[in-house]
Structures are given as C-alpha cells and as structure tokens.
1. Compute the label zone of ASN128 within region 47-83: residues whose backbone N is under 19 Å from the point 7 Å along Cα-to-Cβ.
2. Would you be so kind as to identify which of THR155, ALA109, LEU123 lies farthest towards the positive end of the dipole of region 96-163, taking Lys and Arg as +1 and Asp and Glu as -1 on Cβ and the Cα centre as origin?
3. Counting only helical runs of four or more DSSP H residues, what would the 222 nm mean residue ellipticity of the chain come to if each run contributes -39,500 (n - 2.57) and the total is spread over all its residues?
4. Which length gain, in nm to one decimal place, applies between ASN55 and LYS72 when the Cα-Cα distance is subtracted from 0.36 nm times their residue separation?
5. Distance between Cα centroids, region 83-100 to region 25-74: provide it in whole Å.
6. To the nearest 20 debye, what charge dipole does the chain have about its Cα centre, counting +1 at the Cβ of each Lys and Arg and -1 at the Cβ of each Asp and Glu?
7. Work through the residues other than ARG119 whose Cβ is under 13 Å from its Cβ and net out their charges, Lys, Arg +1 and Asp, Glu -1.
8. Check the straight Cα-Cα distances from LYS22 and name the aspartates and glutamates below 20 Å, setting aside those fewer than 8 residues away within the same chain.
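Just so it is clear, none of the values below were taken in a lab; they were calculated from the coordinates. Since this is a predicted model, take the numbers as computed values, not measurements. Here the Cβ is made from the backbone with ideal geometry for all residues, glycine too, and neighbour counts use every protein chain on show.
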Amino acid sequence: MKKWLPIIIIAIVAVGLYVKGKGFYNGVIVEEENIAEQWSKVESAYQLRNDLIPNLMKVAERYAEYEQETFKSVTDARSKATSIQIDPSNITPEQLQKFKEVQGSMTSALSRLLAVFERYPDLKANENYKELMNSLDRVEKRIKVERDRFNETITPYNNMVRQFPNNIYASIFGFEKKDRFDADEGAEVAPDVNDYKTNK
C-alpha cells in the first residue's frame, strides 16, 4: 500500500488542479462574455450619437449656412469615429486608446458645434432642433452610463485573473488584465447639452 501512496497523492493533486483550473477557465470565459456584451452597448450608445449628428446639422444648415468650416470639422470627426470597430472578444489597450481618441475628438467637435448654434436664436426656436437636442441629451447620458457599466464589468475579471493562485492559471491560459475605458483628461466630459437648450 505504501508504494501506491505517492501515486495516489499525485493523482489527488492532479485532479484538484484540473478541477480548479477548469473552474477558473470557465469562470473567466463568463466574465469575458460579460465584458464583450457590455462593450457592444458602449459602441451602440456612441453610434446613436453619431446617427443624430447628420440630422442635427441638416436642420442647422438652414439657419447657420456660414458655418461650413465647423460643419466640416464635425463631419470629419464623425467619419473617424464611425470607422473604428473593435472586436469585443479581443479588446486590446491599443484599440481602446484609439477608440477613446476618436470619440474624444468627436466630443470636442460637437461641443464647438453646439457653441456655434448659440449665435442663432431662430435655430434654437426650431421645434426639430429642440427635439434633436433633447435626444442628444439622452444619448450623452446613456454613453456615460454604458461606459461606467463597462468599467464595472472589468473589475471582477481583473480580480479573478490577478489573485493568487488564479494568476498562475491566468498565465498558463494567456488571460491578461484588461484596461478600463477611462477617457483622457477633458475627453471624458460629454457636451453639456443643457447649456444649449432653448428651454433652460
């Protein structure tokens, strides 16, 4: 019996490691799926904003026809923002940084556009414009909510892959710490649509 004892111990340890590893792997996959799902909601929120902009400019052009340079800067920023697509199952720090940069540029261009609209009282009195501004306000709030939720889904994943002994399994399986969507300084501030509403 004694000669079998080391083999039995090794077998028990091996089974324990397998069960622990399997549980860890499956748990991480669940967390990654949660992250991917939430990232799609982040992109969807930004896309809603991108979809509103052409309509906003179409209404504004009738009143602010001399602001073509501003319109062009917004159009260019929107084009760049819509060209960035990230695979939610493989979000790299480089992809996330690029996404943050183009969305930050879009936010800045949109802020300048809304500031320009302040000079046109007839535009601000237009009912379509008011409705678009209300829609934009709702979208900006949704962007912040979805971005915050995305960051919240990153936390349990990072905790799982960094804690001992999970970090050993993470290294074996190739799971790495993921970056949060922390916007660059200034870029995280969405255009304050309330400042540009006619009914304030």
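1. 49-68, 71-72, 75
2. THR155
3. That comes out to -26000 deg cm²/dmol.
4. On the way: separation 17, 0.36 × 17 = 6.12 nm, distance 1.43 nm.
Answer, rounded to one decimal: 4.7 nm.
5. Answer, in whole Å: 14.
6. I would put it at about 900 debye.
7. So the surrounding residues net to -2.
8. GLU31, GLU32, GLU33, GLU176
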